[in-house]
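The next block holds one structure in the form of structure tokens; read it before the comments.
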Amino acid sequence: MSKLGNLGARLHRGEISYDFVGKRKIWYGVSILITITAIVGLAVRGLNMGIEFQGGAVFTTPTKMSTSVAKAEEYADEASGHEAIVQKLGNGSLRIQIAGIDTDQSDRIKQELAKDLNLDPEKLAADLVGPSWGEQIANKAWEGLAIFMVLVVIYLAIAFEWRMAVAALVALIHDITITTGIYALVGFEVTPGTVIGLLTILGYSLYDTVVVFDSLKEQTKDITKQTRFTYSDIANRSINGTLVRSINTTVVALLPVAGLLFIGGGFLGAGTLNDISLSLFVGLAAGAYSSIFIATPLVADLKEREPAMKALKKRVLAKRAQAAAEEDLAPDHSAGGDDSDDAAPAVVGPRNQPASRSRGRGRPSGKRR
């Protein structure tokens, strides 16, 4: 078995563990800090909305253009007075995107661009995009997000309980906020592909959370009938038991997305991949983080507000304190010798049986006839 597999088996059996739930205030603080940074980025820089949402024109040149991307951007900026985005396509043609212009401006810019690029204006394809189409896309995305959130809450409340539904909802909002904040800070263009990516990461985030919740539900059956573990203890065991599985699934999902983002978008210059790959990459990482560090600790916080869980925690802590006190007193009793009546063991029961057998060695058990 590999080292990682052995680690996962030991975590699952409870032989080793990390106190995720016990350190939840640290994770809450980190998440609050990241979320505030994302919100500040959104408020200060805002999102770089693509042409599909702002409206504008897209000009496409013929294949095998000798003009560089930087030079084409300079020509487009001068002709339109707006910041242009130029991408080189796989067939060698240039895609020039200019947002915020109308039909009259588009015709004038087309003539000037054709002149600067030494092209026949008829060979420079122009497509106009109205802002109303992008507004419809944005509205549909918000509607889909709202419906998804409502269905998630209803499902988790029925399959598990309302506290888990609330925790999962908080985790999803956490993931979306961080992802959109990263978009604002990085300045990547927001396109319909970005919206698709944001909706996709919700499923991944929810999957990791439900895996932990399912383990937690199974292990907390009849929890009040024992006095060994609190709800937080079992929640921590659930996280540790599924930790390696969550890491494996997240890494396997991140690898191809990282290839799209860093190799396709970075080295190969395929900028059209950035819009969806960045949202997937950040969202998958944030989803794995929130399922471990946010959702489950939050469930433990909410659950231990119940009177039954408070009483259980009190009993468990009292039993542990008693056991610790007995361990502290045990050496004093053993050191007292046989001269004092106080040397009798403090704990009665099965632990004293070996001593009683030693005193009666060689004699038959039971009453002497």
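The values are calculated or read from the model by the stated rules, or taken from the named source; none is laboratory data. Not measured: the values here are computed from a predicted model. Positions of Cβ are generated from backbone atoms using ideal geometry, with glycine treated the same way; all protein chains shown enter the neighbour counts. Remember, those area values only see protein heavy atoms, side chains included, never the ligands or the DNA or RNA. Shrake-Rupley method; radii C 1.70, N 1.55, O 1.52, S 1.80 Å.
Under a point spin-label approximation (7 Å from Cα along Cα-to-Cβ), what is the Met149-Leu128 distance to one decimal in nm?
Here the modelled spin labels are 3.7 nm apart.
List the residues, sorted by chain then number, that are 5 or more residues from Met49 or on another chain and whose placed amide H is less than 5 Å from its amide H.
Val190
Would you mind computing, in nm to one decimal, how far apart the modelled labels at Lys71 and Val44 are, each placed 7 Å from Cα along Cα→Cβ?
3.8
Where does each of 137-144, 289-296, 111-118 land if you order them by average Cβ count within 10 Å, highest first?
Values: 137-144: 13.0, 289-296: 25.4, 111-118: 16.2.
With the highest mean Cβ count within 10 Å placed first, the list reads 289-296, 111-118, 137-144.
May I ask you to derive the FRET efficiency for Gln54 and Ile158 from their Cβ-Cβ distance with R0 = 41 Å, giving the value to the nearest 0.05? Walk me through the intermediate numbers first.
Values: r = 42 Å, r/R0 = 1.01.
Using R0 = 41 Å, I get an efficiency of 0.50.
Could you tell me the accessible area of Glu327 in Å² (1.4 Å probe, neighbours in place), rounded to the nearest ten?
Using a 1.4 Å probe on the heavy atoms, I get roughly 130 Å².
Considering the dipole of the stretch 173-244 built from charges on the beta carbon (Lys and Arg +1, Asp and Glu -1) around the Cα centre, which of Val190, Gly241, Ile178 is farthest to its positive end?
With unit charges placed on the Cβ atoms, the residue in question is Gly241.
Largest first, how would Asp328, Asp120 line up by accessible area (1.4 Å probe)? Please list the in-between numbers first.
On the way: Asp328 110, Asp120 75 Å².
From most exposed to least exposed: Asp328, Asp120.
In straight Cα distance, which aspartates and glutamates are under 19 Å from Lys303, not counting same-chain residues fewer than 8 positions off?
List returned: Asp19, Glu161, Asp214, Glu218, Asp222, Asp233.
For the pair Lys64 and Ala258, what calculated FRET efficiency results from E = 1/(1 + (r/R0)^6), where r is the Cβ-Cβ distance and R0 = 35 Å, to the nearest 0.05?
Values: r = 32 Å, r/R0 = 0.91.
Once the sixth-power term is evaluated, E becomes 0.65.
Gain in length, Thr37 to Arg108, computed as 0.36 nm per residue apart minus the alpha-carbon separation, to one decimal in nm?
Numbers: separation 71, 0.36 × 71 = 25.56 nm, distance 4.19 nm.
Taking 0.36 nm per residue and subtracting the Cα distance, the gain is 21.4 nm.
Which FRET efficiency value, to the nearest 0.05, is calculated for Thr224 and Asp328 with the Förster distance at 45 angstrom and r the Cβ-Cβ distance?
Details: r = 29 Å, r/R0 = 0.64.
Computed FRET efficiency for Thr224 and Asp328 comes out at 0.95.
To the nearest 10 square angstrom, what accessible area does Ile158 show with a 1.4 Å probe?
In the full protein context, Ile158 sits at about 130 Å².
Beyond a 26 Å Cα-Cα separation, which of these cross-linked pairs lie in this structure: Lys71/Lys140; Lys140/Lys217; Lys221/Lys313? Mind showing how you got there, number by number?
Working: Lys71/Lys140 37 Å; Lys140/Lys217 35 Å; Lys221/Lys313 16 Å.
Flagged as over cut-off: Lys71/Lys140; Lys140/Lys217.
Pop a pseudo-label 7 angstrom from the Cα along the beta-carbon direction at both Asn139 and Leu119 and give the gap in nm to one decimal.
3.4
What are the lysines whose alpha-carbon lies under 25 Å from the alpha-carbon of Lys64, with same-chain residues fewer than 8 places away excluded?
Lys88, Lys110, Lys115, Lys123
Rounded to the nearest percent, how much of the accessible area of the stretch 134-292 (1.4 Å probe, protein heavy atoms only) is carbon and sulfur? Numbers along the way, then the final one.
On the way: 5040 of 7150 Å².
Carbon and sulfur atoms account for 70 percent of the accessible area of the stretch 134-292.
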